[in-house]
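In what follows, a structure is listed as structure tokens, so that the remarks can point back to it.
Any read-out appearing in this document is the output of simple, stated calculations on the displayed coordinates, not a laboratory observation. Quick caveat: nothing in here was measured; it's all calculated off a predicted structure. No Cβ is skipped: glycine too gets one built from the backbone with ideal geometry, and neighbour counts run over all protein chains shown.
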Amino acid sequence: MPVNTAVLDNWPHSSPRWCEKQFASRTPMANDDYEDLLDRARGMIPKDISERSRWTMPEPDILIEGSQTILRNYSDIVDAMDRDSNHVFQYLLNELGTSGSKEKTRIMLKGRVPPKRIKEKIVSYVKSFILCAECKAPDTRFLREGRTTQLKCQACGATRPVRL
């Protein structure tokens, strides 16, 4: 079938400069205008989204008193984790290899436990039971499916089995 060249010659985009007519009315944006628009857009982003880390843990307040180690802001740490207080307490006791008691806002551990070790175990708990393995978001929940417990991310939907 022959091609009608008269149609192609009259086609609006057949000219190599067809786009120049379309964009000729626009004025080029100066770099200063772009930076101003970018600053304005950044200013409109809510602070909790724009901050690099929107989830922060309080620094553990640890006091060694005689032969006991006291974690004074335990309730603040557990509230920031949004986990069961008993689960976190049992995890710390097992990982630190000691016994202890829990009060309303603090826990007391038997023996002189170095503060660095307690901080390491709290970070270990966060990595194991709070942060998503895929997207590193702290928005996770425990989900019981049959005999296994899964850690499900609310942000990306990923799941992984955990041992409680």
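What ranking of GLU120, GLU95, GLU103 emerges when the number of other C-beta atoms within 10 Å of each C-beta is taken as an exposure proxy, fewest first?
GLU103, GLU120, GLU95
Would you kindly state how much longer the chain becomes between ASP139 and MET57 on full extension, computed as 0.36 nm times their sequence separation minus their alpha carbon distance, in nm to one decimal?
Computed gain between ASP139 and MET57 is 28.1 nm.
With each label point set 7 Å from Cα along the Cα-Cβ vector, what nm distance links THR98 and GLU35?
Simple spin-label model gives 5.5 nm for this pair.
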